[in-house]
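Down below is the structure, laid out as structure tokens.
The values are calculated or read from the model by the stated rules, or taken from the named source; none is laboratory data. Everything numeric here is computed off the predicted structure, so don't read it as measured data. Cβ sites come from the backbone with ideal geometry, for glycine too, and all protein chains shown count toward neighbours.
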Amino acid sequence: MKSIKYLFLLCLCLFRLPVSAQEPNHDKPFVIPELKEWKAGRGHFRPSNPLKIRTASGSGQLADIAAEFGREYSELSGRQAISDHGQSIKGEILLKLVADKKLGREGYRIRIDDRITVTASTPTGIFWATRTLLQLTEQDKEGLLPRGEITDFPDYDMRGFMLDVGRKFIPLSFLEDYVRIMAYYKLNTFHIHLNDNGFKQFFENDWQKTYAAFRLESETYPGLASADGFYTKEEFIGLQQLAEHHFVEIIPEIDVPAHSLAFVQYDSLLDGKEYGSDHLNLFAPETYRFLDALFKEYLEGEYPVFRGKRVHIGTDEYSNRKQEVVEKFRYFTDYYINYVQGFGKQACIWGALTHAQGETPVRSDNVLMWLWHNPYADPEKMIRDGFDLVSIPDGWLYLVPNAGYYYDYLNIGKLYREWTPARIGNRIFEEKHPSIKGGMFALWNDHVGNGISTKDIHDRVFPALQTLAVKMWTGQHPALSFEAFDRERKKLSEAPGVNQAGRIKKAFGSEENPELFYRKAVLNPGDETGYREIGYGYTVSFEITGAEESAGTELFRSPHAVFYLSDPIKGMIGFAREGYLNTFRYRIRPGETVRIKICGDYRETRLYVNDRLIPADFNKKLWFNEGKSSMNYIQTLVFPLEKAGNFKSTLRNLEIYTTTSP
């Protein structure tokens, strides 16, 4: 009888325990970058409906962060969120500034219980904490978050990405999306390389015919900005303001005195002919007058065009054949370091002073040097000389799309396992070395005209960005294996409201064919699918009975691309994106009925007619310089789906699959 009574009391006690106390402790939740410290609790936080995000007061920067957090939370979860002020209650979130030396400028703490309390010493830390909460939210359909305590802070101050917009114009909307993506993964430095030029062997070995571009509007030098794409001052200021709102610093680069053909083509008096017209003449007074005025245009005034605290002046890969030229290069470098710093900015330079060894002093105080290739700038020597360093070693971190050298795609497994900013080339320093301020990776568009699109750029950059966000935040070895990380990272979006890859989140196919996500019995002109586009790894299939179509007749269009039933030049099936027209050797004839299938991945786009592969009407390798030089050409397509064109043919049984082999 006593045993029965004891059992009854035990069951009663267990019944009265809160559900959370009966649940096991949670493993460290997955976010990018990996959390520094996690103290597990039991149970889950369940958000109120609508979710209220509160701050101590109703105005100021914290209130702006709360409002942005609420918008992004709704975007990711589909649930309503509103920002308010005051103390939080059960199911709500409170953002609060609290002095905490351990956290530094960017660290934060999150306590997840029946409510969530976020604390940090600065608004930056609060903002990074909201990125963590958003990533956790998008991994649970109900918005439940594991209870526990997070303490997180970076080991490196600068965590960034460099994009070459000089040799390929990158639309402003793409840069804006990348600000959001970088912020989502706590990368805080976006280096934009504003000018550069192609290689003359691809342009008849003629410097005047070689492609060169400067991408920023200039009133001092009207017509300097490239006609095929540039940013107005207003646009570039707006981009920086967006970045500031996301706690990302934009570092603009005007690359001189090499990589400077755009300036020479504008003013021939700047030509350093002996070393190539992409070199400025360091001995010509006109060079200094020109650059003084150009930098001044963007640096002067109470509200300069270059808003941030840093400006990059280039200074790499100049000829070192003559010592007098080396000394003049060193003088030039020192001159523009001081010139830029005279406007209150910190000067940033590429490492070149081992390549250009000499006696002429170059200022190192308050100068950031990008260490990209150790023979050009020996890291130990640069540290002894007093430079602060950014780790961006080319042998690890240079993407050059489809070029056949450096990396087409970075080796993210090797980077995850072996690299941190403390590794500069083959030199490994202690973690958090005081002279190493952080790390970056870079994408260079060396081969002008090779068919690469911004979608191709994104396909290469995004996996590297996710991976390097982990390795730039902390020098510690990640707790997860690379295999586990690589699996889990794919579950996260690019950023709230951003989908450059054209990922399809839902599939509506049957159990027999789960990859089928869209079907329409008859496609009529002007129809809208409800989707903007579909990214690599797709098949678009339909039956068509041809009619007489005028040149330029579209099948589908999106903001980024057009797919033609009859291209504007030859009347063939083809597609266009970002200034490239790619066609196939097939024309739909009036009255014929065929089955069309378009398959696209990150390597190529293929057309099948009645299951027969149709050759593309272009070569995958382009030849120049009398056959001595070649360039790989790529013709990929993120398929446009937003709106059907004004065609006359009859299209039936449209099916779209999330695979290239339905």
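Table for the structure above
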read-out	value
Candidates Tyr318, Tyr335, Tyr339 - the one that is of a type in the set (Phe, Trp, Tyr), in contact (Cβ under 8 Å) with a residue 12 or more places away in the chain and either surrounded by 21 or more Cβ atoms within 10 Å (Cβ to Cβ) or under 30 Å from Thr454 (Cα atoms) (or both)	Tyr318
Hits in region 621-661 (condition: over 16 Å from Lys520 (Cα atoms), under 30 Å from the mean Cα position of the chain (by Cα) and not in a strand (DSSP E or B))	Tyr633, Ile634, Gln635, Thr636, Leu637, Val638, Thr659, Thr660, Ser661
Set Asp278, Asp255: member being part of a loop (DSSP other than H, G, I, E, B) and either touching a residue at least 24 places away in the same chain (Cβ under 8 Å) or more than 24 Å from Thr360 (Cβ to Cβ) (or both)	Asp278
Qualifying residue in region 142-149 (condition: under 28 Å from Lys432 (Cβ atoms) and surrounded by fewer than 21 Cβ atoms within 10 Å (Cβ to Cβ))	yes
Region 399-428: number of residues that are surrounded by fewer than 19 Cβ atoms within 10 Å (Cβ to Cβ), within 20 Å of Arg159 (Cα to Cα) and under 18 Å from the mean Cα position of the chain (by Cα)	2
Qualifying positions in region 443-468 - small (Gly, Ala, Ser) and buried (at least 22 other Cβ atoms within 10 Å of the Cβ)	Gly451
Restricting region 158-183 to residues that are buried (at least 19 other Cβ atoms within 10 Å of the Cβ) and either of a type in the set (Gly, Ala, Ser) or modelled with pLDDT under 95 (or both), the residue that is farthest from Tyr398 (Cα to Cα)	Ala183
Residues satisfying the stated conditions in region 121-132, i.e. closer than 25 Å to Asn25 by Cα and crowded, with 22+ Cβ neighbours inside 10 Å	Trp128, Ala129, Thr130, Arg131
All strands (runs of 3 or more DSSP E) inside region 517-620 with 3 or more residues being over 29 Å from the mean Cα position of the chain (by Cα)	538-545, 553-557, 562-566, 593-600, 605-609, 612-614
Subset of region 183-234 [touching a residue at least 12 places away in the same chain (Cβ under 8 Å), of a type in the set (D, E, K, R) and farther than 29 Å from Ala403 by Cβ]	Lys186, Glu217, Glu219, Lys233
Candidates Asp334, Asp292 - the one that is modelled with pLDDT of 95 or more, under 33 Å from the mean Cα position of the chain (by Cα) and farther than 23 Å from Thr354 by Cα	Asp292
Selection from region 286-337 of residues that are among the acidic types (Asp, Glu), under 21 Å from Phe263 (Cβ atoms) and assigned to a loop (DSSP other than H, G, I, E, B)	Glu300, Asp316, Glu317
Residue within region 438-453 that is part of a helix (DSSP H, G or I), modelled with pLDDT of 95 or more and not hydrophobic (A, V, I, L, M, F, W, C) present	no
In region 543-571, the residues that are crowded, with 19+ Cβ neighbours inside 10 Å and among the hydrophobic types (A, V, I, L, M, F, W, C)	Ile544, Leu555, Phe556, Ala561, Val562, Phe563, Leu565
Residue within region 215-233 that is in contact with a strand residue (DSSP E or B) (Cβ under 9 Å, 6 or more places away or on another chain), more than 24 Å from Asp278 (Cβ to Cβ) and not in a loop (DSSP other than H, G, I, E, B) present	yes
